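Here the structure comes first, spelled out in structure tokens, and everything after it is commentary.
The values are calculated or read from the model by the stated rules, or taken from the named source; none is laboratory data. A quick note: this is a predicted structure, and the numbers were derived from the prediction, not measured. To get the accessible areas, we keep the full protein, side chains included, count just its heavy atoms, and leave off ligands, DNA and RNA. Shrake-Rupley method; radii C 1.70, N 1.55, O 1.52, S 1.80 Å.
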Amino acid sequence: MPFSLEEEIESVRKQLIRSAEQEGLTSKETIELSKKLDFLLNKYSVALDAYTDQKLKPM
């Protein structure tokens with residue numbers, strides 16, 4: 001079953017925290033997870049903006 005975007009963000013966030021604690025902030029894994037989380041958060045922001053814009057349009 002595919003994750004919702006919110007669930008995927010939360011999963012990657014937890015992985016990022018674990019990686020940072022175990023591998024350090026500058027490890028390759030931590031940096032890649034940080035980039036992935038940034039991408040997902042940007043995707044979420046765009047989707048939220050589109051939804052908000054659609055809700056605000058006059059009917």
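Could you grab the relative contact order for the chain? Cα pairs under 8 Å, six or more apart, rounded to a whole percent.
Details: 26 pairs, mean separation 18.9, N = 59.
Result for the chain is 32 percent.
With all distinct Cα pairs included, what does the Kirkwood hydrodynamic radius of the chain come out to in Å, to one decimal, could you say? Mind showing how you got there, number by number?
Values: mean 1/r = 0.0779 Å⁻¹.
Computed over the chain, the radius equals 12.8 Å.
How much length, in nm to one decimal, is gained on full extension between VAL46 and GLU8, taken as 0.36 nm per residue of separation minus their Cα-Cα distance? Each step should come with its number before you reach the end.
Working: separation 38, 0.36 × 38 = 13.68 nm, distance 1.58 nm.
That pair, VAL46 and GLU8, stretches by 12.1 nm at full extension.
Between LEU25 and LEU56, 0.36 nm times their residue separation minus their Cα-Cα distance comes to what? Walk me through the numbers before you get to the answer.
Numbers: separation 31, 0.36 × 31 = 11.16 nm, distance 4.08 nm.
Length difference between fully extended and current span is 7.1 nm.
If I fit a long axis through the Cα atoms of helix 28-56 and take the longest principal axis of the Cα atoms of the chain, what angle between them do I get, 0 to 90°, rounded to 10?
With both axes taken from Cα atoms, the answer is about 10 degrees.
In the chain, what percent of the accessible surface is made up of carbon and sulfur (1.4 Å probe, ligands and nucleic acids excluded)?
58 percent
Where only protein heavy atoms count, and the probe is 1.4 Å, what is the accessible area per residue for the range 6-59 in Å²?
Values: 4480 Å² over 54 residues.
Computed with neighbouring chains in place, this is 83 Å² per residue.
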